[in-house]
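All remarks here apply to the structure that follows.
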Amino acid sequence: MKRILFVCSGNLGRSPMAAGLLEKMLRSEGMAGFAVSSAGSVAASGEEAAEEAVAVAAERGVDLTGHRSRPIDRQMLQAADLILCMTRQHKESVVRLEPRAEEKVRLLASLAPGSTGEEEIADPAGGGVEAFDECLTEMEKPLVGLVKRIKEGTI
């Protein structure tokens, strides 16, 4: 079982949307053997996903209504095979908490075709449904790139 962990700040928008969309993509490709989850670098425990995240994910066939936020911890970082962060700050938080995780941490946007490897996924919080929709659209390209790399065995 390969474990993929998405990390954002509050675990209320970006990381649950990315995790949900990746799960849907993997199912539609008939790819089994993956545990996809999300957490936040400054998250509280047990909060529901942002209303806007739930709405835009639902438009793409992803149900986030059961999502509850959780903070990153060393155990989940150690267990993950791949940790995909939204920003360099999230990546730094992960490595600070678990230095041995450095080799398996990447920026999500770096998986998009043509990426320089330094692009970040901005926080849509406060921007309304449109900002969350743009954010999820922005995450689709690197997620497609991730699925492709998994198929090729390069990740």
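Quick check, is Thr116 surrounded by fewer than 17 Cβ atoms within 10 Å (Cβ to Cβ) and part of a helix (DSSP H, G or I)? No: the conditions fail for Thr116.
Residue count for segment 71-103 under the criterion of being more than 22 Å from Glu138 (Cα to Cα) and either buried (at least 18 other Cβ atoms within 10 Å of the Cβ) or small (Gly, Ala, Ser) (or both): the result is 9.
Summed over segment 120-139, residues that are crowded, with 16+ Cβ neighbours inside 10 Å and among the charged types (D, E, K, R) total 4. Filtering segment 1-57 to residues that are touching a Gly at 6+ places or on another chain (Cβ under 7 Å), of a type outside the set (A, V, I, L, M) and not in a loop (DSSP other than H, G, I, E, B) leaves Lys2, Cys8, Ser15, Lys24, Gly40, Glu52.
The set of residues from segment 98-113 being part of a helix (DSSP H, G or I), in contact with a helix residue (DSSP H, G or I) (Cβ under 6 Å, 6 or more places away or on another chain) and closer than 20 Å to Asp123 by Cβ comprises Leu108, Ala109, Leu111. Here is the figure for segment 39-66: residues that are touching a strand residue (DSSP E or B) at 6+ places or on another chain (Cβ under 7 Å) and over 17 Å from Ala125 (Cα atoms) total 2.
Read the figures in this text as sums done on the coordinates, not as results from a lab. Keep in mind the model is a prediction, meaning the values are calculated, not measured. So basically every Cβ, Gly included, is an ideal-geometry build from the backbone, and we count neighbours across all protein chains shown.
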